[in-house]
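To start, the structure under review is shown below, and the notes come after it.
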């Protein structure tokens with residue numbers, strides 16, 4: 001049964017990447033079919049004292065504590081909380097005795113490699129090579145996956161996770177491009193924009209104006225001395241970013257970009273592989289903080305590649321702030337715990353993320369993750385309607401406690417459409433949660449229901465995690481919810497219908513997102529991009545929460561320069577401002593640091609006063625946020 005569930009998860013993941021079910025061919029055991037020469041896996045070990053690390057995290061973010069902002073170096077983290085040298089040596093010796101090579105690549109991670117037969121025997125997994133009959137978006141021609149389990153040949157009692165036996169690409173970028181039938185012609189005279197570019201053609205200059213970043217620029221704050229890290233699963237063309245920055249008048253250092261390939265890298269830039277995602281991540285973050293350096297950690301689109309990229313970015317400690325815009329429904333990561341074929345040993349990828357991000361927060365690195373673009377129904381981008389039913393669900397890794405989940409809004413404008421030759425205007429009077437429910441009238445005029453029209457469930461990701469516990473900074477804050485009851489993913493195409501997953505009800509889970517900014521493609525952005533199919537172009541009406549995560553990383557680089565050091569986990573400050581009543585009210589000559597978004601929804605949750613699962617705590621007013629951080633949290 002557990003391998004049946006594994007293949008279901010893999011199949012749904014394929015849908016997430018391609019929109020169609022792939023039909024891979026099993027080529028047999030990995031040592032008998034290419035690639036046969038070697039397998040490499042990543043092993044995660046447990047932290048020595050996870051509770052003590054979490055307590056110190058609170059201290060390092062509490063202004064009244066003597067440890068406030070006493071961030072750790074990677075070596076200090078390893079000495080205090082990582083597995084001891086003796087524990088690492090014990091595990092390494094067992095693996096080496098089995099004929100494997102072992103290298104420590106992080107505070108809790110080991111890289112283990114050897115001949116395929118030796119790896120399979122050590123971990124009790126028969127691994128096969130699969131060939132995709134047709135290569136689809138984000139999918140490799142060949143990948144490996146375990147098909148049956150046996151007793152491991154190595155004592156794995158000290159191992160938390162074994163990652164890398166399954167190399168199928170399955171993470172998706174949180175980028176949305178506007179379909180032609182939803183394309184509007186902008187009536188700028190009716191728009192809320194009075195200067196700059198119209199929504200849909202925004203650059204970072206327009207974003208800076210709207211969210212009050214410009215006063216920081218006027219004070220000479222452009223991110224100097226800060227480093228932004230981008231964790232991604234696709235390569236890009238660096239000249240696109242430099243051309244974008246030059247086009248909006250930014251004079252940037254030609255040597256500001258560093259690209260680091262993880263696990264061999266993701267290969268050449270590719271439309272199908274998601275290179276547009278990496279491109280916009282670099283353009284947006286680097287455009288907001290033009291004096292900051294940027295390090296791109298790019299890895300293959302596998303769980304192992306994702307984990308290894310995070311580990312490199314965190315262990316090197318070079319980046320002050322990190323952004324990631326890739327993810328998947330959190331159940332897929334949770335399933336790794338139940339189906340990893342290592343003698344029944346858990347391979348909890350969610351726990352591995354937790355420990356990595358905890359280390360980053362203790363080092364003062366501020367992390368951001370896109371919350372997803374399928375509204376409150378994250379799984380339904382992977383399991384499309386109507387074959388599957390609606391399931392309230394959230395995305396990983398935005399669901400993690402020690403990362404700031406980036407949601408998206410729609411900014412005020414008036415959109416003009418011409419369905420069937422008749423003019424129709426849709427007015428967005430105030431900034432609202434991004435959900436394409438406001439296009440329902442247009443779809444009706446086109447004779448399409450919301451699913452056929454492509455507007456449901458498009459919107460910013462938000463809701464309640466079914467697997468990640470609510471972090472202490474969200475406790476006692478009004479607006480928090482538990483996971484809803486009755487959430488089962490059912491494949492109705494089967495006879496009888498098949499229940500694929502049942503989510504726990506009333507779980508006191510992590511609420512997402514944390515903070516939001518403009519991310520609706522209707523009011524979205526320009527991207528300079530070199531397509532692997534059509535060459536260079538300037539694209540308009542791009543959106544998604546994948547814009548907001550790197551934008552927040554760029555903003556954090558500005559705040560780091562202004563404040564003279566790292567901020568650490570931003571959620572402490574955001575929720576602290578809300579809890580103390582300082583979030584939505586100004587003080588002195590400064591206005592409110594946060595703008596409460598009270599309109600709109602993401603199909604499952606409504607925006608309202610205070611925290612909500614559609615926009616989090618709202619949107620930032622960056623100059624006022626900078627002033628508030630200095631007033632309340634920086635000494």
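At a Förster radius of 35 Å, what calculated FRET efficiency corresponds to the Cβ-Cβ distance of residue 131 and residue 505, to the nearest 0.05?
Values: r = 41 Å, r/R0 = 1.16.
After rounding, the FRET efficiency stands at 0.30.
Sort segment 205-252 into rounded, prolate or oblate with this rule: let a ≥ b ≥ c be the square roots of the eigenvalues of the Cα gyration tensor; rounded if a/c is under 1.5, and if a/c is not under 1.5, prolate when a/b is larger than b/c, oblate otherwise.
Numbers: a/c = 1.92, a/b = 1.59, b/c = 1.21.
It comes out prolate by the Cα gyration axes.
Between rounded, prolate and oblate, where does segment 351-412 land on the alpha carbon gyration tensor, with a ≥ b ≥ c its root eigenvalues, rounded for a/c under 1.5, else prolate if a/b exceeds b/c? Intermediate values should be presented prior to the final figure.
Working: a/c = 4.45, a/b = 1.72, b/c = 2.58.
Oblate shape, in that a/c is at least 1.5 and b/c is the bigger or equal ratio.
Peptide packing: for 599-609, 561-571, 484-494, 162-172, the average count of neighbouring Cβ atoms within 10 Å per residue gives the ranking 162-172, 599-609, 561-571, 484-494, highest mean first.
Between the C-alpha center of segment 444-503 and that of segment 406-422 there is a gap of 24 Å.
Placing a pseudo-label 7 Å from each Cα along the Cα-to-Cβ vector at residue 97 and residue 580 gives an inter-label distance of 5.5 nm.
Compute the Cα gyration tensor for segment 21-117, then decide on rounded, prolate or oblate, letting a ≥ b ≥ c be the square roots of its eigenvalues: rounded whenever a/c is under 1.5, prolate when a/b is larger than b/c in the other cases, and oblate in all that remain. Verdict is prolate for segment 21-117. Full extension of the chain segment joining residue 316 with residue 494 gains 59.2 nm, where the gain is 0.36 nm per residue of separation less the Cα-Cα distance.
Take the Cβ-Cβ distance between residue 79 and residue 55 as r, set R0 to 25 Å, and report the resulting FRET efficiency rounded to the nearest 0.05. It would help to have the intermediate numbers written out before the result.
Values: r = 17 Å, r/R0 = 0.66.
Approximately 0.90, to the nearest 0.05.
Once the C-beta distance of residue 425 and residue 258 is scaled by a Förster radius of 51 Å, the resulting FRET efficiency is 0.65 to the nearest 0.05. Bridge orientation summary for the chain: considering DSSP beta bridges with both residues in this region, about 65 percent are antiparallel.
Determine the relative contact order of the chain: mean sequence separation of Cα pairs under 8 Å and six or more apart, normalised by residue count, in whole percent.
Here the relative contact order equals 17 percent.
As a rough guide to protection, the peptides 461-468, 245-252 ranked by mean Cβ packing within 10 Å, highest first, stand as 461-468, 245-252. Roughly how many Å is it from the Cα centre of segment 306-330 to that of segment 518-563, as a whole number? Distance between centres, Cα-based: 18 Å.
When peptides 36-42, 69-75 are sorted by average Cβ neighbour count within 10 Å, with the highest value leading, the order is 36-42, 69-75. For segment 68-108 and segment 580-628, what is the separation of their Cα centres, given in Å? Segment 68-108 and segment 580-628 have Cα centres separated by 41 Å.
Helices in the chain, meaning DSSP H runs of at least 4 residues, each add -39500 (n - 2.57). Divided by all residues, the mean residue ellipticity at 222 nm is -8500 deg cm²/dmol.
Modelled label positions at residue 180 and residue 243, each set 7 Å beyond Cα in the direction of Cβ, lie 2.4 nm from each other. Modelled spin-label separation between residue 272 and residue 87, with each label point placed 7 Å from Cα along the Cα-to-Cβ direction: 4.3 nm.
Read the figures in this text as sums done on the coordinates, not as results from a lab. This is a predicted model, so every value here is computed, not measured. Here the Cβ is made from the backbone with ideal geometry for all residues, glycine too, and neighbour counts use every protein chain on show.
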